[in-house]
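Student: Let me give you the structure first, and then I'll get to my questions.
The values are calculated or read from the model by the stated rules, or taken from the named source; none is laboratory data. In this text, all values refer to a predicted model and were calculated from it rather than measured experimentally. FYI the Cβ positions are ideal-geometry reconstructions off the backbone, even for glycines, and counts take in every protein chain you see.
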Amino acid sequence: MTQFRTRRATVADRDALIAFNGDVLRYQDAAEPDAGIAAWTADLLDGRHPHVEPNDFCVVEDTRSGRIVSSLCLISQTWSYGGIAIGVGQPELVGTHPDYRGQGLVRRQFAVLHEWSVARGQQLQAIDGIPGFYHQFGYQMALALHGELSVDVASLQPTAGHTVRAATEADIAFIAPTADRARSRYLMAACRDTSVWRYELQGHGGCSRPCFVLAIIEAPDGSPVGFLVHAAKLSGTFITLIMYELIPSASWQAITPSVLQYLRATGAGYAATTAARCDRRRRVVARPAWTQGHRKRCSQLCRPRRRIVPGPPFLATALRLPFP
């Protein structure tokens, strides 16, 4: 009898998959399963994400025990390259139980996910990870991931004028078109409709790992002039800004000091709850699932009054073309 069976996940696999991913995808040498990964898996399986459902997960089970021993999922996205929309399939939550590694189970599932992606008419597959690792599955390093610009909070001066507040569901009608207009500045960016922005704002449950904060920038008269996406906790001593966009008529030079002050205060608040400290505000040049291209803008806005520290990319987005 064949020991392994590869199949689509079903609703009945929910609890087993949540436990499996939390256990297998924990940080190396962590004593406990990763609650953030488990919560993210639950988000996707429970239909919180508009483009993912249980049968977007591929699982390998040991037919002798019925246990799930390897799994990954395919998240459907739309990216923009030079203004042209392209369908993208993103493999995520890739993991195999330690007792079953080295038997080609991930390779088997990648072949299945690539077929799913082609069947959906997607022109590209993309995955984040260690540069070069996914070459064995047909991927090539294409985009640096998480290069950064950082600003010392000690160099920031008090400002007045614009304010930043938490976004609400009513703000999605402003965020979505503002982000759409901004894509024209970037060679590669994600295309998000209102359902995806709603997921980013409200769809992450509990301590879900890729959880972000959306905030609205308001002019003195209370009108919205831009928005931010930033991390919901510190990364070491950094607070990370992932996305920052303004309406065309707004002044980046005038508004950025207020944004930096907001990030400074928010980071200090995070630090107070974790017994850490926040000594830098970091602007990540984020994955294309957000946008690419803020490095030059941040350098121009913060020079010479604020020290900019460029950081090297330590991960990469690898791309695979499904057609020869």
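Student: Val24 passes all but one of (1) of a type outside the set (Ser, Thr, Tyr); (2) more than 23 Å from Leu319 (Cβ to Cβ); (3) touching a residue at least 24 places away in the same chain (Cβ under 8 Å); (4) surrounded by fewer than 20 Cβ atoms within 10 Å (Cβ to Cβ); which number fails?
Tutor: (4)
Student: Counting only residues that are in a loop (DSSP other than H, G, I, E, B), over 16 Å from the mean Cα position of the chain (by Cα) and under 26 Å from His114 (Cα atoms), how many does the range 16-56 have?
Tutor: From the range 16-56, those in a loop (DSSP other than H, G, I, E, B) are 25-34, 46-53; that's our starting set.
Adding the requirement that they be over 16 Å from the mean Cα position of the chain (by Cα) leaves 25-34, 46-47, 53.
Adding the requirement that they be under 26 Å from His114 (Cα atoms) leaves 25-26, 46-47, 53.
Residues that pass the stated criteria total 5.
Student: Filter the range 68-122 for residues that are free of Cβ contacts under 8 Å to residues at least 12 places away in the same chain and farther than 25 Å from Asp23 by Cα; which is surrounded by the most Cβ atoms within 10 Å (Cβ to Cβ)?
Tutor: Glu115
Student: If I filter the range 57-66 for residues that are part of a loop (DSSP other than H, G, I, E, B), on the phi < 0 side of the Ramachandran plot and of a type in the set (D, E, K, R), do I get at least one hit? Let's see the steps before the verdict.
Tutor: Taking the range 57-66 as the starting set, the residues that turn out to be part of a loop (DSSP other than H, G, I, E, B) are 63-66.
Narrowing further to those that are on the phi < 0 side of the Ramachandran plot: 63-65.
So of that shortlist, the ones also of a type in the set (D, E, K, R) come out as 64.
Yes, some residue in the range 57-66 is part of a loop (DSSP other than H, G, I, E, B), on the phi < 0 side of the Ramachandran plot and of a type in the set (D, E, K, R).
Student: Let me ask something else about it. I need the full set of residues from the range 60-107 which are under 26 Å from Ser195 (Cβ atoms) and among the aliphatic types (A, V, I, L, M), in order please.
Tutor: From the range 60-107, those under 26 Å from Ser195 (Cβ atoms) are 71-94; that's our starting set.
Scanning the range 60-107 gives Leu72, Leu74, Ile75, Ile84, Ala85, Ile86, Val88, Leu93, Val94.
Student: Could you figure out which of (1) in a helix (DSSP H, G or I); (2) more than 24 Å from Ala318 (Cβ to Cβ) isn't true of His114?
Tutor: Status for His114: all satisfied but (2).
Student: Looking at the range 199-225, which of the residues that are charged (D, E, K, R) and closer than 24 Å to Ala35 by Cβ is modelled with the highest pLDDT? Please lay out each step first, then the result.
Tutor: Filtering the range 199-225 down to residues charged (D, E, K, R) leaves 200, 209, 218, 221.
Pick out the ones that are also closer than 24 Å to Ala35 by Cβ and you get 200, 209.
On the way: Glu200: 92, Arg209: 81.
Among those residues, the one meeting the criterion is Glu200.
Student: For the range 169-189, give me the residue count where each residue is in contact with a helix residue (DSSP H, G or I) (Cβ under 8 Å, 6 or more places away or on another chain), touching a residue at least 24 places away in the same chain (Cβ under 8 Å) and not acidic (Asp, Glu).
Tutor: Adding up the residues that qualify gives 4.
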